[in-house]
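Here is the structure we will look at, set down as structure tokens.
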Amino acid sequence: ARDFEQVYVGIGVNPEKQGMFDPAQRLRLIDAVVRAENLKNVRAVSYDGLTADCARQSGAGVLARGARSVTDLRDELPLKYANELVDPGLTTMLIVPYAYEQVSSSLVKKEFAEGNDISGMVLPAVEQAMRDHPARYLDPVSALTDFRHPRVLGLADALSAGKDAAEAAAEIVRF
């Protein structure tokens, strides 16, 4: 952010991926981090369609994209060329942060699910959002250990309504 007058963090939708957070949640997370870090020249924007179109509409002349590994780099190069074909005035910088070479969303979710420390892989706001996210409770044993969780409250309501345990469990799975 210190190298640019204005930075836009683009939140696009990839229909081939199912993220833990929807675009609106991701927007709120990024806004929270921007405020916490006091980044006055950073703004998150959500968009559908082409990244190059979002950049053009935002007035951006440079795209900064991250590539953690050779595989990511191989995936990012065609996107770089496509974005520059769509908008020849657009320059794409590919950033390869070696420290995060092995970090992926799948790894973060796996480590988190196993109860391991993920603080070195995600920002504190993201870690807290993961702790608060309902997907954390896909494992029924985890859900039953937090009596404030809506699924647990739903189970208690179902049981008190006279349903047997199997009916009650089926009801919370639909939640």
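The values are calculated or read from the model by the stated rules, or taken from the named source; none is laboratory data. Computed from a predicted model, the values in this text were never measured in an experiment. Don't worry about glycine lacking a Cβ; one is built from the backbone with ideal geometry, like all the others, and counts go over all protein chains shown. All accessible areas refer to the heavy atoms of the entire protein, side chains included, with ligands and DNA or RNA removed. Shrake-Rupley method; radii C 1.70, N 1.55, O 1.52, S 1.80 Å.
Considered as a group, the residues in the stretch 85-118 that are part of a loop (DSSP other than H, G, I, E, B) and charged (D, E, K, R) include one that is modelled with the lowest pLDDT, and that residue is E101.
Close contacts from the stretch 85-101, counting a first residue that is farther than 16 Å from D75 by Cβ and among the hydroxyl-bearing types (S, T, Y) and a second that is assigned to a loop (DSSP other than H, G, I, E, B) and open to solvent by 50 Å² or more (accessible area, probe 1.4 Å), with Cβ to Cβ under 9 Å and a gap of 6+ residues or different chains, come to Y98/R68. Just wondering, is there one or more residues in the stretch 12-26 that are modelled with pLDDT under 90, closer than 22 Å to V96 by Cβ and not in a loop (DSSP other than H, G, I, E, B)? For the stretch 12-26, residues modelled with pLDDT under 90, closer than 22 Å to V96 by Cβ and not in a loop (DSSP other than H, G, I, E, B): present.
Of the residues screened, E101 is not one that is open to solvent by less than 60 Å² (accessible area, probe 1.4 Å) and more than 20 Å from R2 (Cβ to Cβ).
Close contacts from the stretch 5-20, counting a first residue that is of a type outside the set (K, R) and a second that is in a loop (DSSP other than H, G, I, E, B) and open to solvent by 70 Å² or more (accessible area, probe 1.4 Å), with Cβ to Cβ under 8 Å and a gap of 6+ residues or different chains, come to G12/D48; V13/D48. For the stretch 14-41, filtering for residues that are at negative phi, open to solvent by 60 Å² or more (accessible area, probe 1.4 Å) and out of contact with any Gly (no Cβ under 9 Å at 6 or more places or on another chain) leaves 12.
If the requirement is being part of a loop (DSSP other than H, G, I, E, B), in contact (Cβ under 8 Å) with a residue 12 or more places away in the chain, surrounded by 11 or more Cβ atoms within 10 Å (Cβ to Cβ) and not polar (S, T, N, Q), which of these qualifies: A82, A44, A60, A55? Talk me through it step by step, then tell me what you get.
Values: A82 fails: part of a loop (DSSP other than H, G, I, E, B); A44 fails: part of a loop (DSSP other than H, G, I, E, B); A55 fails: part of a loop (DSSP other than H, G, I, E, B).
Testing whether each residue is part of a loop (DSSP other than H, G, I, E, B), in contact (Cβ under 8 Å) with a residue 12 or more places away in the chain, surrounded by 11 or more Cβ atoms within 10 Å (Cβ to Cβ) and not polar (S, T, N, Q) leaves just A60.
Can you tell me which residue in the stretch 63-79 is least open to solvent (accessible area, probe 1.4 Å), limited to those that are farther than 24 Å from M20 by Cα and either touching a Leu at 6+ places or on another chain (Cβ under 9 Å) or at pLDDT below 85 (or both)? Among them, the one singled out is L63. Within the stretch 85-98, take every residue that is surrounded by 10 or more Cβ atoms within 10 Å (Cβ to Cβ) and hydroxyl-bearing (S, T, Y) and give me the one that is nearest to V122 (Cα to Cα). This residue is T92.
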